[in-house]
Amino acid sequence: MGHALDDATGFGPHDATCGVVLFTILLLLPLVLPTLQVHSQSHIQQALPNLAKILNESGHTKFMSLLCSTGTGCYIERQLNHTGGITLFSPTDDAFFDLNLSREQLVRLAKYHFVPEYLTMAMLDINGGFVGTMATDYIGKPYHLDFYSFGERLHAVTGIVDTQVSIMYQEFPLAIYQVDKLLLPPEIFKSLHPRRSPLGQLLYKMEIGLNIQQ
């Protein structure tokens with residue numbers, strides 16, 4: 001014989017038990033989901049590299065201070081969650097000097113030191129070494145960095161400074177390269193940007209080559 005049906009509802013005792021269990025699950029679901037989401041987010045955060053720890057332990061405290069004071073560090077942390085990764089050029093503490101800049105200029109200076117994608121040394125040197133940074137002008141045109149190699153050494157050129165690039169941290173999604181000078185974009189430091197004739201540009205490149213060989 002089958003289970004007897006309840007006269008009023010048409011459901012038997014087994015169906016009533018299932019209904020209680022389902023009701024309990026639905027009641028607890030809003031409490032359980034946030035916990036699962038927090039656990040998932042925590043796991044992702046633990047997997048990401050700790051930018052502040054890497055810079056501070058490497059003695060790049062002034063660059064870390066620049067990122068924090070301009071709010072750029074928070075942007076970088078968010079960018080690390082993207083699949084493209086991020087590339088930073090971190091000046092040593094000795095590279096910094098007194099900067100008489102507005103807050104907007106400081107933000108652009110900080111953004112000039114990173115690229116919103118993960119780039120290896122080889123990738124920096126290809127395609128003429130012309131790389132767009134996160135810094136832009138008023139119409140959204142990016143400030144660029146130029147790279148060239150001489151032997152096994154890679155150099156970054158802004159038009160004002162020329163500095164050697166060396167690996168500090170390299171593990172996807174984050175690449176950090178040490179530079180011995182603060183990268184000065186000509187768009188901000190116009191007074192330091194000499195206008196060279198074609199002959200002057202040739203002599204400048206020859207001078208760079210001689211300095212590298214010494």
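Details
- Around Asp94: net Lys/Arg minus Asp/Glu count, Cβ-Cβ under 15 Å: -1
- Surrounding net charge for Thr70, when Lys and Arg each add one and Asp and Glu each subtract one, Cβ distance under 10 Å: +2
- The lysines within cross-link reach of Lys141, meaning a Cα-to-Cα straight distance under 20 Å and a gap of 8 or more places when in the same chain, are Lys111, Lys190.
- Centre separation in Å (Cα based) which lies between the stretch 59-83 and the stretch 113-179: 17 Å
- Note on Gln164 and Asp94: the extension gain reaches 23.8 nm, defined as 0.36 nm multiplied by sequence separation minus the Cα-Cα distance.
- Computed from backbone phi with θ = phi - 60° and the Karplus coefficients 6.51, -1.76 and 1.60, the 3J(HN,Hα) list for the stretch 135-148 is 6, 9, 8, 5, 9, x, 7, x, 7, 10, 10, 10, 10, 8 Hz; x is used for glycine and proline.
- Extending 7 Å from the Cα toward the beta-carbon at both Thr136 and Asp180 defines two label points whose distance is 3.5 nm.
- 14 Å tail of the calculated P(r), the stretch 58-140, as % of Cα pairs: 67 percent
- Taking amide H as placed 1.01 Å from N in the peptide plane, the amide H of Val165 sits under 5 Å from that of Leu154, His155, Ala156, each at least 5 places away or on another chain.
- Spin-label pair Thr120/Thr83, simplified geometry with 7 Å Cα→Cβ offset, distance in nm: 1.9 nm
- Other residues lying with their Cβ under 10 Å from the Cβ of Thr133 contribute a combined charge of +2, Lys and Arg counting +1, Asp and Glu -1.
Read-outs: derived from the displayed coordinates by stated rules, not from any lab. Please read these numbers as outputs of a predicted model, since none were measured by experiment. We place every Cβ from the backbone using ideal geometry, glycine too, and count neighbours over all the protein chains shown.
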